[in-house]
Amino acid sequence: MTEKANLSVDVVSDVVCPWCFLGMRNLQAAMANVDDIDVTVRWRPYQLDPAIPRGGLDRQDYMLKKFGSLERLEAAHDRLREMGAAVGISYDFEAIKVAPNTLDAHRVIRWAATAGQTVQNILVERLFRLYFEEGRNIGDHAVLIDAARDAGMDASLVETLLPSPADGDEVATEIETARRMGVTGVPCFLLEGRYALMGAQPPEALADAIAKVSEAKEKGELDKEQG
């Protein structure tokens, strides 16, 4: 049996970004279309608005200030609902009451990586669903602990670590590194640490990029470029 090619995809994302939820679904579809390639997904932090206080803000007021009018906000929500429905996402924007600061969510996602790719992927999807489909406040520690438990993490450890500053500086450094690399919006898909695709790319575009970068890697062309 021929050994599968392997490829890493780092997804720079924020769990309150509806386009990132779409991007996750599109990446899942793309991976299903390149089943001859073993794709390792790692979720990297980004904060769309790190200035939101740790207790969060009223989402309706926050989004109205951001969009300028209810009409523009509703138009954006309608478009996302339509796009989400096509990939199995049931956006319920009216259920979301709090615009949270996502630093703690990113800390938990970072810890999930130590339990493996599958656990981290499950956690990220659970956080997206909690926020966008159930309207839960993913800045709330109790919600994060429950999500960690659902993903198969050691919830008692997460409960102990969350009130501490553990890994807060490391997450902030990762976000700053992404910005220095030119990431100004999310999602951003970074293939093999060097080829970036910005935005919620369709599955076909992601699958094509994965296949091409994987082929270049197998031929040793990535090493030549690095050299």
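Read the figures in this text as sums done on the coordinates, not as results from a lab. It should be emphasised that the depicted structure is a prediction, and the values quoted were computed from it without experimental measurement. Cβ coordinates were reconstructed from backbone atoms using ideal geometry, including for glycine residues, and neighbour counts include every protein chain displayed.
For the chain, what is the mean residue ellipticity at 222 nm derived from helices alone (per DSSP H run of n ≥ 4: -39500 (n - 2.57); sum divided by total residues; nearest 500 deg cm²/dmol)?
-16000 deg cm²/dmol
Run the dipole for segment 26-182 about the Cα centre, Lys and Arg Cβ at +1, Asp and Glu Cβ at -1, nothing else charged, and hand back the magnitude in debye, nearest 20.
380 debye
Which listed residue (200, 138, 165) has the Cα farthest towards the positive end of the charge dipole for segment 97-227, taking +1 on Lys and Arg C-beta and -1 on Asp and Glu C-beta about the Cα centre?
The residue sitting most towards the positive pole is 200.
Pairs on different chains or at least eight residues apart, Cα atoms closer than 24 Å: how many lysine pairs in the chain fit?
Value for the chain: 7.
Divide, for segment 41-154, the radius of gyration over alpha carbons by 2.2 N^0.38 Å, where N is the residue count.
1.10
Might you report the magnitude of the Cβ-based charge dipole of segment 1-49 about its Cα centre, with Lys and Arg at +1 and Asp and Glu at -1, to the nearest 20 debye?
The calculation lands at about 80 debye.
What is the distance, in nm, between label points placed 7 Å from the Cα along the Cα-to-Cβ direction at residue 192 and at residue 218?
1.2 nm
Return the whole-Å distance between the Cα centroid of segment 179-206 and the Cα centroid of segment 56-73.
Value for the Cα centre distance between the two parts: 27 Å.
Can you compute the label reach from residue 48? Point 7 Å from Cα along the Cβ direction, backbone N cut-off under 11 Å, restricted to segment 175-199.
186-187
Check which residues have an amide H placed less than 5 Å from residue 41's amide H, if you skip close sequence neighbours.
9
Just grab the label-to-label distance for residue 181 and residue 82, each label 7 Å out from Cα along the Cβ direction, in nm (one decimal).
Rounded to a tenth, the inter-label distance reads 3.3 nm.
Please report the equivalent ellipsoid semi-axes of segment 153-201, computed as sqrt(5 x eigenvalue) of the Cα gyration tensor, largest first, in whole Å.
29, 14, 9
Tilt of helix 18-32 relative to the longest C-alpha principal axis of the chain, in degrees (0 to 90, nearest 10)?
For helix 18-32, the angle is close to 30 degrees.
Could you calculate, for the chain, the ratio of the Cα radius of gyration to the Kirkwood radius, expressed as Rg to Rh?
Rg/Rh: 0.98.
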